[in-house]
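*Asks:* First the structure, which I've put down as structure tokens, then a few questions once you've had a look.
Every read-out reported here was derived from the displayed coordinates using simple, explicitly stated rules and does not represent laboratory data. If you're wondering where the values come from, they're calculated on a predicted model, not measured in any experiment. Virtual Cβ from ideal backbone geometry, glycine too; neighbours counted across all protein chains shown.
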Amino acid sequence: MNTVTDRLRNFLQFVAVKLIDNPSQAQLKVAELGPKRLRFKLVMAQEDVAMLIGRNGFTASAIRSVLNAAAEKEGVKVNLQIHSHEEEAEFLAREG
């Protein structure tokens with residue numbers, strides 16, 4: 001599964017860097033949720049979140065579609081979350 005994870009991670013990093021203004025502030029977190037299940041979380045500056053999600057969510061939807069197609073080919077289910085650093089901090093504060 002590491003090879004699949006690495007390929008999907010590389011794809012997301014490539015796409016995100018090309019679409020946002022502050023790539024040095026972006027983080028990509030990967031978690032295995034179970035066998036053949038992955039969660040990718042992109043955490044970035046608030047203005048980059050809006051850019052990556054796109055108008056009416058079309059950009060994020062397109063990224064998710066390509067990511068899901070690549071993962072499905074390997075029999076893997078994926079989830080992609082896109083958050084700002086502030087949203088991630090709030091989430092972590094609630095969780096722990």
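*Asks:* What's the angle, to the nearest 10 degrees (0 to 90), between helix 85-95's Cα axis and the longest principal axis of the chain?
*Replies:* Approximately 70 degrees, to the nearest 10.
*Asks:* Exposure proxy check: Ser61, Ser84 ranked by fewest other beta carbons within 10 Å?
*Replies:* Taking fewest neighbouring Cβ atoms as first place, the list is Ser61, Ser84.
*Asks:* Additional query: Would you mind telling me which residue in Ala26, Ala62, Ala71 has the biggest mean-square fluctuation in a Gaussian network model of the chain, where springs connect alpha carbons within a distance under 10 angstrom?
*Replies:* Maximum among the listed residues: Ala62.
*Asks:* Residue-wise, which Karplus ³J(HN,Hα) couplings in Hz belong to region 34-50, taking 6.51 cos²θ - 1.76 cosθ + 1.60, θ = phi - 60°, and x for glycine or proline?
*Replies:* Residue by residue, region 34-50 yields x, x, 6, 9, 10, 10, 9, 10, 9, 10, 8, 4, 3, 5, 6, 4, 4 Hz.
*Asks:* Take the alpha carbon atoms of region 39-96, find their center, do the same for region 10-28, and report the distance between the two centers in whole angstrom.
*Replies:* 11 Å
*Asks:* Where in region 64-96 does the amide nitrogen come within less than 16 Å of the point 7 Å from the Cα of Phe14, taken along Cα to Cβ?
*Replies:* Those under the cut-off are 64-71.
*Asks:* Tell me, what HN-Hα J-couplings in whole Hz come from the Karplus equation 6.51 cos²θ - 1.76 cosθ + 1.60 at θ = phi - 60° for each residue of region 5-12, using x for Gly and Pro?
*Replies:* 4, 4, 5, 5, 4, 4, 4, 4
*Asks:* Another one. In percent, what relative contact order does the chain have, based on Cα pairs under 8 Å that are 6 or more apart in sequence?
*Replies:* Value for the chain: 29 percent.
*Asks:* 5 Å is the cut-off here: which amide hydrogens, built 1.01 Å from N in the peptide plane, fall below it relative to Lys36, excluding neighbours closer than 5 in sequence?
*Replies:* Correct list: empty.
*Asks:* What are the ³J(HN,Hα) values, in whole Hz, obtained from phi via the Karplus relation 6.51 cos²θ - 1.76 cosθ + 1.60 with θ = phi - 60°, for each residue of region 52-60 in sequence order, with x given for Gly and Pro?
*Replies:* With the stated coefficients, region 52-60 comes to 6, 6, x, 5, 6, x, 5, 5, 4 Hz.
*Asks:* Then there's this: Please check: in the Gaussian network model of the chain (C-alpha springs, under 10 Å), which one of Ala60, Ala45, Ala31 has the largest mean-square fluctuation.
*Replies:* Residue with maximal mean-square fluctuation among Ala60, Ala45, Ala31: Ala31.
*Asks:* Helix-only mean residue ellipticity at 222 nm, the chain, DSSP H runs n ≥ 4 weighted -39,500 (n - 2.57), per residue, nearest 500. What is it?
*Replies:* -17500 deg cm²/dmol
*Asks:* To the nearest µm²/s, what D does Stokes-Einstein give for the chain at 37 °C and 0.692 mPa s, using the Kirkwood radius over alpha carbon pairs as Rh?
*Replies:* Details: Rh = 13.7 Å.
My calculation gives 239 µm²/s for D.
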